[in-house]
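**Student:** I'd like to ask some things about the structure below.
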Amino acid sequence: MFPLFFSYFNFTTSSSFCFLYLALFLLRLCYSTRIVPESVTVITTTETHNNNATWHDFSKFLHAEQGSHVSGMSELKKYFHRFGYLSETTSNFTDTFDTELVSAVKLYQKRLGLPVTGKLDSDTISAIVAPRCGVSDSSPHGLHTTRHFAYFNGKPRWVRDSPMTLTYAFSPYNMIDRLSITEIRTVFERAFNRWASVIPVTFRETEYLTADIKIGFYSGDHGDGEPFDGVLGVLGHAFSPENGRFHLDAAEMWSVDFDRDGSKVAVDLESVVTHEIGHVLGLGHSSIKEAVMYPSLSPRKKKVDLRIDDVEGVQALYGSNPNFTFGSLLQSENSSNDAAVGSETAFSKWILSLAIGLLIIFLCG
Ligand SMILES: [Zn+2]
Ligand SMILES: [Zn+2]
């Protein structure tokens, strides 16, 4: 009996080591696939044609303490004022990190789904310098605990006879050369259809003068009090219902295909267009990073699929498209986690079969 037991003991011990080693190896594999960040925000400071030196300059405020005095901090306050975090009464901004700035930082962190520290930590600075939409983040409704979408003041929406059709057109004078009109038209069609699939509204291209939504690419100051700023920085803006103005910064490296455009500052046209249509319909900015209505978008990043937050927000204004079901949306939101979940499931199955194998060896032994 003894030799048998001994041999069995040896076998299971070595198996256990083997198992442990393999388990650790696989665990490392699984873990390493899951810690890869979803996106890496590359803010290029070396681009000579980047006109947004001011925003990138904000990185010098990293870890600035409350009460400190840093030259140029008034510019950061102007940034917070522009996007709705510092009230208009505080017009004479100083370079001091005062309590108003702390409150602005906290509000900003809350609105952008960042840890609320009130400090200019690296997450916050990265978010501040990221390219973004020019529409202010201020919302009269404050933050909701479960819903993160927002509306403009007074919750305006388009009012038309049912079934609602909104028309759009491209400015005959304010377009760009880097993309063909066919490419631009295709992008807008796809983006409008995405919103139309969730609400009972259809979009149709028409003559510029009579169109509800007037689309154009503009440079610098273009007469609406919201000047564009060159490459990156502000990418575009659109006005609330029923204004219909839809403006994109002509200076961006607009792209419809990142394989074709190698530039580090290329911006996905369709992602920005999908976002701005949300504003045209009456949505404000969301604090959900994955939502189309989140205010910033990194260069070379594509984000075109409406998330539950976007859909709930727009449906609260227009109702649901009768053909729309949340089921399909839930499925697509879950599918983004499939890789991680898949490897985890495969790993659990492997562990289970190994355990069964060892049990069989134990019983047979
Ligand atoms: Zn926006
Ligand atoms: Zn404009």
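**Student:** Considering only residues that are more than 9 Å from ligand 1 (Cβ to nearest atom), out of contact with any Cys (no Cβ under 9 Å at 6 or more places or on another chain) and not charged (D, E, K, R), which ones fall in the stretch 277-303?
**Tutor:** Ile277, Val280, Leu281, Gly282, Ser286, Ser287, Ile288, Ala291, Val292, Ser298, Pro299 - these are the residues of the stretch 277-303 that are more than 9 Å from ligand 1 (Cβ to nearest atom), out of contact with any Cys (no Cβ under 9 Å at 6 or more places or on another chain) and not charged (D, E, K, R).
**Student:** Collect the residues in the stretch 283-312 that are over 21 Å from Gln109 (Cα atoms) and out of contact with any Asp or Glu (no Cβ under 9 Å at 6 or more places or on another chain), keeping them in residue-number order.
**Tutor:** Leu306, Val311, Glu312 - these are the residues of the stretch 283-312 that are over 21 Å from Gln109 (Cα atoms) and out of contact with any Asp or Glu (no Cβ under 9 Å at 6 or more places or on another chain).
**Student:** Can you name the number of the only condition in (1) of a type outside the set (Ser, Thr, Tyr); (2) under 25 Å from Gly154 (Cβ atoms); (3) assigned to a loop (DSSP other than H, G, I, E, B); (4) in contact (Cβ under 8 Å) with a residue 24 or more places away in the chain that Val231 fails?
**Tutor:** Every listed condition holds for Val231 apart from (2).
**Student:** Same structure, new question: Phe83 versus (1) within 16 Å of ligand 1 (Cβ to nearest atom); (2) farther than 21 Å from Pro227 by Cα: which is the lone unmet condition?
**Tutor:** Every listed condition holds for Phe83 apart from (2).
**Student:** OK, next. Restricting to the stretch 242-260, name every residue that is part of a loop (DSSP other than H, G, I, E, B) and more than 16 Å from ligand 2 (Cβ to nearest atom).
**Tutor:** Glu242, Val256, Asp257, Phe258, Asp259, Arg260
**Student:** Looking for something of a type in the set (Asp, Glu), closer than 26 Å to Leu248 by Cβ and at pLDDT 90 or above - is there at least one such residue anywhere in the stretch 85-100?
**Tutor:** The answer is no; no qualifying residue exists.
**Student:** Between His237, His247, His275, which is within 30 Å of Thr210 (Cβ to Cβ) and more than 18 Å from the chain's Cα centre (by Cα)?
**Tutor:** Exactly one residue qualifies, and that residue is His247.
**Student:** Look through the stretch 154-169, keep the residues that are in contact (Cβ under 8 Å) with a residue 40 or more places away in the chain and assigned to a loop (DSSP other than H, G, I, E, B), and return whichever of them is surrounded by the most Cβ atoms within 10 Å (Cβ to Cβ).
**Tutor:** Looking at residues that are in contact (Cβ under 8 Å) with a residue 40 or more places away in the chain and assigned to a loop (DSSP other than H, G, I, E, B), I get Arg157.
**Student:** Another question, then. In the stretch 53-69, which residues are touching a helix residue (DSSP H, G or I) at 6+ places or on another chain (Cβ under 6 Å) and assigned to a loop (DSSP other than H, G, I, E, B)?
**Tutor:** Leu62, Gln66
**Student:** Assigned to a loop (DSSP other than H, G, I, E, B), of a type in the set (Ser, Thr, Tyr), surrounded by fewer than 19 Cβ atoms within 10 Å (Cβ to Cβ) and away from ligand 2 (no atom under 16 Å from the Cβ): does that describe Ser263?
**Tutor:** Against the criterion (assigned to a loop (DSSP other than H, G, I, E, B), of a type in the set (Ser, Thr, Tyr), surrounded by fewer than 19 Cβ atoms within 10 Å (Cβ to Cβ) and away from ligand 2 (no atom under 16 Å from the Cβ)), Ser263 qualifies.
**Student:** Out of the stretch 106-124, which residues are over 23 Å from Val292 (Cα atoms) and in a helix (DSSP H, G or I)?
**Tutor:** Within the stretch 106-124, just Ser122 meets the criteria.
**Student:** Looking for something farther than 21 Å from Tyr318 by Cβ, away from ligand 2 (no atom under 16 Å from the Cβ) and small (Gly, Ala, Ser) - is there at least one such residue anywhere in the stretch 97-109?
**Tutor:** Yes, the conditions are met somewhere in the stretch 97-109.
The values are calculated or read from the model by the stated rules, or taken from the named source; none is laboratory data. Computed from a prediction, not measured in an experiment: that's the story for all the values here. In this analysis, Cβ positions are derived from the backbone assuming ideal geometry, glycine residues included, and neighbour counts consider all displayed protein chains.
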